[in-house]
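The values are calculated or read from the model by the stated rules, or taken from the named source; none is laboratory data. Remember, predicted model here, so these are calculated numbers, not experimental data. As a convention, Cβ positions derive from the backbone with ideal geometry for all residues, glycine included, and neighbour counts pool all protein chains shown.
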């Protein structure tokens, strides 16, 4: 059954639109916490510099200004708008040559505007713990093939309530439940060409505040080409590559 998001009014009588908020969507799923090499968003199964023992981070900004009902944009008379600045922090640690443990947590700054009023919240979101397991590693002269599997969970460490009560959903820094996730990543490189593909699934284990978040199925495809150098001569060659990335997510509606 479709349910209205607590704290967000319907845009019209009889309708229950969803605001395209990003505070919870930016919790780093495996695609974001597993690797931010090249390409930028799609994870890669290739070994990365300092991938086994480091502290890694990046910055992302998102703004959502539309209301959706069953996937279609509807009227937004109260001019609801959500902005999110996210800085995920990731710490990978190698256990074996094929197994890497990853801990990640995002620092979030969220802003929610509605009918001319603006509210903000900031702090750390939900902690993510994952295992990265290499299941295929085949090298050849000008490239290689790699496949890795991710398995993990998010822990409800992000703030969902304030002293005055339950926060509106766009201002929550976490989902309030444990979420299980799995992901398969495949990378193929042949000289100057590269292809990276990902399939992943995330499922909530329980309901919270009378609502259960819908499961998510995500997919990513990145097609790349090394612009220069045409041929590597030394390990210190400067490289430039271009990537076309196709990323998407299919999400079940939340239920109440």
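Surrounded by fewer than 18 Cβ atoms within 10 Å (Cβ to Cβ), at pLDDT 90 or above, in contact with a strand residue (DSSP E or B) (Cβ under 8 Å, 6 or more places away or on another chain) and closer than 28 Å to residue 211 by Cβ: does that describe residue 123? Judged against the criteria, residue 123 is a match.
If you check residue 56 against the conditions, is it within 20 Å of the chain's Cα centre (by Cα) and at pLDDT 85 or above? No, not satisfied.
To keep it simple, each residue is scored yes or no on (1) in contact with a strand residue (DSSP E or B) (Cβ under 8 Å, 6 or more places away or on another chain); (2) under 29 Å from residue 225 (Cβ atoms); (3) loosely packed, with under 14 Cβ neighbours inside 10 Å; (4) without any contact (Cβ under 8 Å) to a residue 24 or more places away in the chain.
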site	(1), (2), (3), (4)
88	yes, yes, no, no
91	yes, no, no, no
112	yes, no, no, no
115	no, no, yes, no
127	yes, no, no, no
137	yes, yes, no, no
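Whether any residue in region 36-55 is in contact with a strand residue (DSSP E or B) (Cβ under 6 Å, 6 or more places away or on another chain), in a strand (DSSP E or B) and surrounded by 15 or more Cβ atoms within 10 Å (Cβ to Cβ) is what I want to check. No, region 36-55 contains no residue that is in contact with a strand residue (DSSP E or B) (Cβ under 6 Å, 6 or more places away or on another chain), in a strand (DSSP E or B) and surrounded by 15 or more Cβ atoms within 10 Å (Cβ to Cβ).
For residue 202, the conditions (1) in contact with a helix residue (DSSP H, G or I) (Cβ under 9 Å, 6 or more places away or on another chain); (2) more than 15 Å from residue 175 (Cα to Cα) are fulfilled apart from (2). The number of residues in region 60-97 being modelled with pLDDT of 90 or more, within 21 Å of the chain's Cα centre (by Cα) and not in a strand (DSSP E or B) comes to 0.
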